[in-house]
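Inspection log for the structure reproduced underneath, given as structure tokens.
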Amino acid sequence: GVPCVIDCPLGPALLFVKTSQGKEEGRRFYACSACRDRKDCNFFQWEDEKVSETRLAAREEYNRNHQPPFTHRQNVERYKNFVLLPLSKKVLEFHQWLLPAEWEKHSDHQFLCDISSAQLKSPSQLLYPLENKKTNAQYLFADRSCQFLLDLITGLGFRRVLSVGTPRLHEMIQSKASQEDFRVRSLLLDIDFRYSQFYTEDEFCHYNMFNHYFFGGEAARETCRKFLYQDSGERVIMVTDPPFGGLVEALASSFKKLMAMWKDTEKEGHNNQEMPVFWIFPYFFESRILEFFPSFSMMDYQVDYDNHALYKHGKTGRRQSPVRIFTNLTPSMIVLPVEEGYRFCTICQRYVSSGNQHCEICNSCTSKDGRRWKHCVLCKKCVKPSWFHCKNCNCCALQNHTCEKTDAVCFVCGKAGHKRSTCPSLSHT
């Protein structure tokens, strides 16, 4: 997708291509950058479609009506009034604070009452998770992973964290800000506007990471730019935890723009350096991430989440969390906890999972999922322990798989030998 000036409620739409079997050229269309499901955002427009003035006006009206009820500044003022209320009058409706004068018109809604000061410091636990997994994906770091990330960041000497879609890490940093010996600061960029009720305009920017869109306009962009400026040698790192159903290409485009923003802030330039990044994403996206960021490498650390049934630490086999840290920092700098089953490989010069054995043929610790992988001489690479070499497919696969050696052809061009995703006819936009 490519950002354009055609908007939906979540900012500039992206340009996609709709392909049909046997046709080399697909028809291009604009759709919402963040919502993959039409039920969540039904915006759709063919690239070559003429749109009437009436429809444009209706769209603008629709976009206006689907914006949050209060601006960030108004929310900050409301919060100041809210914290002064006695405990019995602190009421949170699903999306927002309710001040006493507003109770009546929301009387048929579900409330959370008697909100304590401690709860106010943990908004990610206080707010009800938004359901849309692909857009909001509000799976939140477990305390173990969050504390590990923060210890790693401080241990590496970073003093500023650009928290892109990582509200729990941001609030952990905020909660420690009052400690005398804690000097780390965080700026949260997130698509969930509800965080504007807890954080000032210097602590939170409403942001869509799929199209690099700051809902607060130039003022919010300037807040981000100022935060990235490394005053007094304070080093900055970006930590991001995008929805796993999101388009890697769109995310990479936005992250490159944030990295360029960092590069532009330094008067003398950063030479050929990149802004340090921790991109948290499942290991099976490794090839896609490296395609856009060749300087990145994947760490073995398993990131786990509080409210995700599968992504939990300590499970075995396929039940382990597949989520990893991709970073452009030198792998040997990322020290993983030995007590959680990680060890240092002196040949690879990085920490690996204890089950990840070094393969002398590949000259690498090849396992991606924590289990010991085995080398296939015919495939010339290591594969999962449950896979076997299939003569029909000429590659390793599960024993009871369906062979690809069929008469099936590519859905796009109609030719055999490749899948739609790798079709040479597709012009990737």
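The values are calculated or read from the model by the stated rules, or taken from the named source; none is laboratory data. A quick note: this is a predicted structure, and the numbers were derived from the prediction, not measured. All Cβ positions, glycine included, derive from the backbone under ideal geometry; neighbour counts span all protein chains shown. Areas reflect the complete protein model, heavy atoms only, side chains present, ligands, DNA and RNA absent. Shrake-Rupley method; radii C 1.70, N 1.55, O 1.52, S 1.80 Å.
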(request) Could you list all residues from segment 323-344 that are open to solvent by less than 70 Å² (accessible area, probe 1.4 Å), modelled with pLDDT under 95 and β-branched (Val, Ile, Thr)? (result) Val323
(message) I'd like the full set of residues that are without any contact (Cβ under 8 Å) to a residue 12 or more places away in the chain and assigned to a loop (DSSP other than H, G, I, E, B), limited to segment 277-300.
(response) Pro294
(request) Considering (1) aliphatic (A, V, I, L, M); (2) at pLDDT 70 or above; (3) buried (at least 16 other Cβ atoms within 10 Å of the Cβ), say which one Ala137 fails and leave the rest. (result) (2)
(request) Test Ala101 against the stated conditions and say whether it is at pLDDT below 75 and open to solvent by 80 Å² or more (accessible area, probe 1.4 Å). (result) yes
(message) Taking the conditions exactly as written (more than 19 Å from the chain's Cα centre (by Cα), modelled with pLDDT of 90 or more and either more than 22 Å from Gly11 (Cβ to Cβ) or not assigned by the TED database to the domain that holds Gln320 (or both)), does Gln174 satisfy them or not?
(response) yes
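This table checks each residue for (1) open to solvent by less than 70 Å² (accessible area, probe 1.4 Å); (2) at pLDDT 90 or above; (3) under 24 Å from Ser321 (Cα atoms).
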residue	(1), (2), (3)
Thr346	no, yes, no
Arg350	yes, yes, yes
Thr366	yes, yes, yes
Leu378	no, yes, no
Cys382	yes, yes, yes
Phe388	no, yes, yes
Cys396	yes, yes, yes
Phe411	no, no, no
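The rows are residues; the columns are (1) more than 17 Å from Ile280 (Cβ to Cβ); (2) in contact with a His (Cβ under 6 Å, 6 or more places away or on another chain); (3) not β-branched (Val, Ile, Thr).
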{"position": "Glu171", "(1), (2), (3)": "no, no, yes"}
{"position": "Asp181", "(1), (2), (3)": "yes, no, yes"}
{"position": "Asp190", "(1), (2), (3)": "no, no, yes"}
{"position": "Thr200", "(1), (2), (3)": "yes, no, no"}
{"position": "Phe204", "(1), (2), (3)": "yes, no, yes"}
{"position": "Met209", "(1), (2), (3)": "no, no, yes"}
{"position": "Phe214", "(1), (2), (3)": "yes, no, yes"}
{"position": "Glu222", "(1), (2), (3)": "yes, no, yes"}
(request) Could you check how many residues of segment 148-171 are among the hydrophobic types (A, V, I, L, M, F, W, C) and assigned to a loop (DSSP other than H, G, I, E, B)? (result) 1
(message) Of everything in segment 185-227, what is open to solvent by less than 10 Å² (accessible area, probe 1.4 Å), within 17 Å of Glu171 (Cβ to Cβ) and not in a helix (DSSP H, G or I)? Give them in sequence order.
(response) Ser186, Leu187, Leu188, Leu189, Asp192, Phe204, Cys205, Tyr207
(message) Going by what's in this entry, would Lys374 be described as in contact (Cβ under 8 Å) with a residue 60 or more places away in the chain and of a type in the set (Lys, Arg)?
(response) no
(message) Can you report the number of residues in segment 232-250 which are farther than 15 Å from Leu162 by Cα and not in a loop (DSSP other than H, G, I, E, B)?
(response) 5
(request) Scan segment 60-79 and report the pairs whose first residue is in contact (Cβ under 8 Å) with a residue 24 or more places away in the chain and open to solvent by less than 50 Å² (accessible area, probe 1.4 Å) and whose second residue is of a type in the set (Gly, Ala, Ser) and not in a helix (DSSP H, G or I), with Cβ atoms within less than 8 Å and a gap of 6+ or a chain change. (result) His72/Gly216
(message) Considering only segment 420-428, I want to know if a residue exists there that is at pLDDT below 90, open to solvent by 60 Å² or more (accessible area, probe 1.4 Å) and touching a helix residue (DSSP H, G or I) at 6+ places or on another chain (Cβ under 7 Å).
(response) no
(request) Count, please, the residues in segment 151-184 that happen to be buried (at least 16 other Cβ atoms within 10 Å of the Cβ) and either closer than 19 Å to Leu251 by Cα or basic (Lys, Arg) (or both). (result) 10
